[in-house]
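J.: First, the structure itself, so that you have it in front of you.
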Amino acid sequence: GCVLVVSVIEQLAQWHNSTVKAAMERLCDYIPGEYQIMHRMSCRIEREMNADVVCHSLRLCKQDPGQPICHLYSPPKLQHLSELMHPSTFVFLPLQKSFMGFSSVCAFPLLANLCEKIKYVLRNKLPFEDFDGDKFSTFPTLRGYHWRGRDCNDKNTTVYPGRRPDNWDVKSDSNCNGIWGVDPKDGIPYEEKFCKGADSRGVVLLGDSAGAHFHIPPEWMTVTQMSAKSFANLPMAFSDELDWPQFSEITGFLNSTIGGWTDSLYLRLRKRNRCNHRDLQNISQNGTVFPPINIAPYLSFSLARNQLLDNPAIVIYATIGNDVCNGERDTLAHMTTPKEMLSNVVRALRYLDSRLPNGSHVILTGLVDGRFLWDNLHDRYHPLGQLNKDVTYSQLYSFLDCLQVSPCSGWLTTNETLRNLTSERALQLSNVLEEIARSEKFSNFDIFYMDFPLRQTAEEWRKMGGEPWQLIEPVDGFHPSQIAAALGTGITWQKALHEWPQVLGKENPFNDQIEAIFKDQGGY
């Protein structure tokens, strides 16, 4: 964190030909007022030094005994980094005290309340604002309707997206799809006329940070693009855990504001059958706090589906990297084994069979081949390195690995043998999923398997004139980008349309009539 902030400040000073103090003032002015966690402070550096040296001298970065010195930038040529790190190198005023006094961002009074809310949703994976306790909300972030269909009555626990209509919704909208009332011409309820026998169904994603659509805007650390407008979305982004599920491949429903375009399985299901409006759930989690071994209790608390009252659902099981990705030094030893994968997934599927309405479908998605990341990014410049051409993704990966916070030590590494072994394990686990789909049978859903469509996505993007590196998030160099998410949707849809048409349900012949009558009542 220190290296990031100091890098941005130094580059702002360079780009605007200003002092460090003026650059800090500029950055503070860019950040929305309630999120200005940096005090206006001055820092004078007496010789040319990079962010690594500054942060080690502030003792915010350290070298543990027997461990290497972790550095993002190449060490200065004049002297050894260890010599430059000595505090006598600097004259700095309140900077060190300010950073050291607030080693945790949640210690800032203005952020303490937000941190408590985020801790709640991380623990429970449920909306923070949910007055009736039905697991749906009228509030967008903090696991609200960016993650699940928007509640249309947060004071009534029997009203929520995805349920079968109560008495055909003659008097009110019980399933929040915006269709209710009676046609005055013939006295038939609109829900009965337009949605009866229409194969209505929702979509549920059980995923990791890729499914949650993790994204850090590159303009937050690219000084040539930086302005106050760059940080306008910062409060929303933090409240959504730096995830953007509203633009994601499976449950996206809003036009993308982070580049590319939005195309999702949910939007296509809604277009196919307008009665599916708002029936979506994105139950995904960043990092390794969602291991498959714990998925059953995780689902029991987070999944919102009533087997007797609700419509069937399409469940996408897509933890495309968690089982092989970790920040451990001995990363191979901490990867899920095929035997563990079989046990964990079957247990989760048995739990789903006890909760999903009859007629549901489950699609298991294979793991990604993450060698694509190194092959297409390692020698390119990271946003932090674009101004001075001094930080490549290879340097970023090594820095994170040294700090033992790499999102995937097996793939984000200079070690080709380790990258190959990680992909070999990923393929073994994908084969387990494919065999489960072929051999296991369940009472309330059928089950299918598909490979993660990275190769097809890259081919499609090349045909459109794009480059493979554009399919990867630029800041973390790890997650699928908005472009990759949108292209992946089309590939998944075509596969389902041709191989499993029963999963998608019938096209509703009344879609145009529904839109004409209820166009102003189905808002997100």
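The values are calculated or read from the model by the stated rules, or taken from the named source; none is laboratory data. Values in this document were obtained by computation on a predicted structure and should not be read as measured data. Backbone-built Cβ (ideal geometry, glycine too); neighbour counts: all protein chains shown. When the accessible area is computed, the model is the full protein with side chains, heavy atoms only, and any ligands, DNA or RNA have been set aside. Shrake-Rupley method; radii C 1.70, N 1.55, O 1.52, S 1.80 Å.
J.: Of all helices (runs of 4 or more DSSP H) completely enclosed by the stretch 259-372, which ones contain at least 1 residues that are at pLDDT 95 or above and within 23 Å of ILE483 (Cα to Cα)?
T.: It comes to 265-272.
J.: Give the residues of the stretch 111-136 that are open to solvent by less than 40 Å² (accessible area, probe 1.4 Å) and not in a helix (DSSP H, G or I), sorted by residue number. Working first, answer last.
T.: Taking the stretch 111-136 first, the residues open to solvent by less than 40 Å² (accessible area, probe 1.4 Å) are 111-112, 114-115, 118, 121, 124-127, 130, 132, 134, 136.
Residues satisfying the conditions are LYS125, LEU126, PRO127, ASP130, ASP132, ASP134, PHE136.
J.: Do you know which residues across the stretch 401-444 are more than 15 Å from ILE320 (Cβ to Cβ), at pLDDT below 95 and open to solvent by 40 Å² or more (accessible area, probe 1.4 Å)?
T.: Across the stretch 401-444, the qualifying residues are ASP401, LEU403, GLN404, VAL405.
J.: Let me ask something else. Select from the stretch 219-247 the residues that are part of a loop (DSSP other than H, G, I, E, B) and not acidic (Asp, Glu) and list them in ascending order.
T.: MET221, THR222, MET226, SER227, ALA232, ASN233, LEU242, TRP244 - these are the residues of the stretch 219-247 that are part of a loop (DSSP other than H, G, I, E, B) and not acidic (Asp, Glu).
J.: State which residue pairs qualify: first residue under 17 Å from VAL8 (Cβ atoms) and inside the stretch 228-257, second residue among the hydroxyl-bearing types (Ser, Thr, Tyr) in any location, beta carbons under 6 Å apart, and separation of 6 or more residues or different chains.
T.: ALA228/TYR30; PHE231/TYR30; LEU234/TYR35
J.: Return the total of residues in the stretch 509-521 being out of contact with any helix residue (DSSP H, G or I) (no Cβ under 6 Å at 6 or more places or on another chain), in contact (Cβ under 8 Å) with a residue 24 or more places away in the chain and open to solvent by 10 Å² or more (accessible area, probe 1.4 Å).
T.: Restricting attention to the stretch 509-521, the residues satisfying the condition of being out of contact with any helix residue (DSSP H, G or I) (no Cβ under 6 Å at 6 or more places or on another chain) are 509, 512-513, 515-521.
Next cut, in contact (Cβ under 8 Å) with a residue 24 or more places away in the chain only: 513, 515, 517-518, 521.
Keeping just the survivors that are open to solvent by 10 Å² or more (accessible area, probe 1.4 Å) gives 513, 515, 517, 521.
Of the residues in the stretch 509-521, 4 are out of contact with any helix residue (DSSP H, G or I) (no Cβ under 6 Å at 6 or more places or on another chain), in contact (Cβ under 8 Å) with a residue 24 or more places away in the chain and open to solvent by 10 Å² or more (accessible area, probe 1.4 Å).
J.: Can ILE447 be described as over 26 Å from the mean Cα position of the chain (by Cα) and more than 21 Å from PHE247 (Cα to Cα)?
T.: Here the answer is no, as ILE447 does not meet what is asked.
J.: Continuing with the same structure: Which residues, taken from the stretch 444-469, are touching a helix residue (DSSP H, G or I) at 6+ places or on another chain (Cβ under 6 Å) and small (Gly, Ala, Ser)?
T.: ALA458
J.: State the number of residues belonging to the stretch 375-384 that are outside any loop (DSSP other than H, G, I, E, B) and either open to solvent by 30 Å² or more (accessible area, probe 1.4 Å) or touching a Gly at 6+ places or on another chain (Cβ under 9 Å) (or both).
T.: Matching residues across the stretch 375-384 total 4.
J.: Could you list, in sequence order, the residues of the stretch 162-216 that are out of contact with any Lys or Arg (no Cβ under 9 Å at 6 or more places or on another chain) and part of a helix (DSSP H, G or I)?
T.: Correct list: ASP166, ASN167, ASP169, TYR190, GLU191, GLU192, LYS193, SER209, ALA210, GLY211, ALA212.
J.: Any residue in the stretch 482-505 that is on the phi > 0 side of the Ramachandran plot and touching a residue at least 60 places away in the same chain (Cβ under 8 Å) sitting within a Cβ distance under 7 Å of a residue that is part of a helix (DSSP H, G or I) and open to solvent by less than 60 Å² (accessible area, probe 1.4 Å)? List the pairs, counting only those 6 or more apart or interchain.
T.: Every condition considered, the pairs that remain are GLY505/ARG272.
J.: Here's another thing I want to ask about it. Here is a list of conditions, (1) open to solvent by less than 10 Å² (accessible area, probe 1.4 Å); (2) among the aliphatic types (A, V, I, L, M); (3) in a loop (DSSP other than H, G, I, E, B), and ILE250 meets all of them except one; can you say which number that is?
T.: It fails just one condition, (1).
J.: Being assigned to a loop (DSSP other than H, G, I, E, B), at pLDDT 95 or above and either among the aromatic types (Phe, Trp, Tyr) or outside the structural domain of ALA348 (by the TED database) (or both) is the requirement here; does PHE478 meet it? Explain how you work it out, then say what you get.
T.: Numbers: assigned to a loop (DSSP other than H, G, I, E, B): yes; at pLDDT 95 or above: yes; either among the aromatic types (Phe, Trp, Tyr) or outside the structural domain of ALA348 (by the TED database) (or both): yes.
Yes: the conditions hold for PHE478.
J.: Here's a check for you: in the stretch 351-374, which residue that is among the hydroxyl-bearing types (Ser, Thr, Tyr) and surrounded by 22 or more Cβ atoms within 10 Å (Cβ to Cβ) is nearest to VAL5 (Cα to Cα)?
T.: THR365
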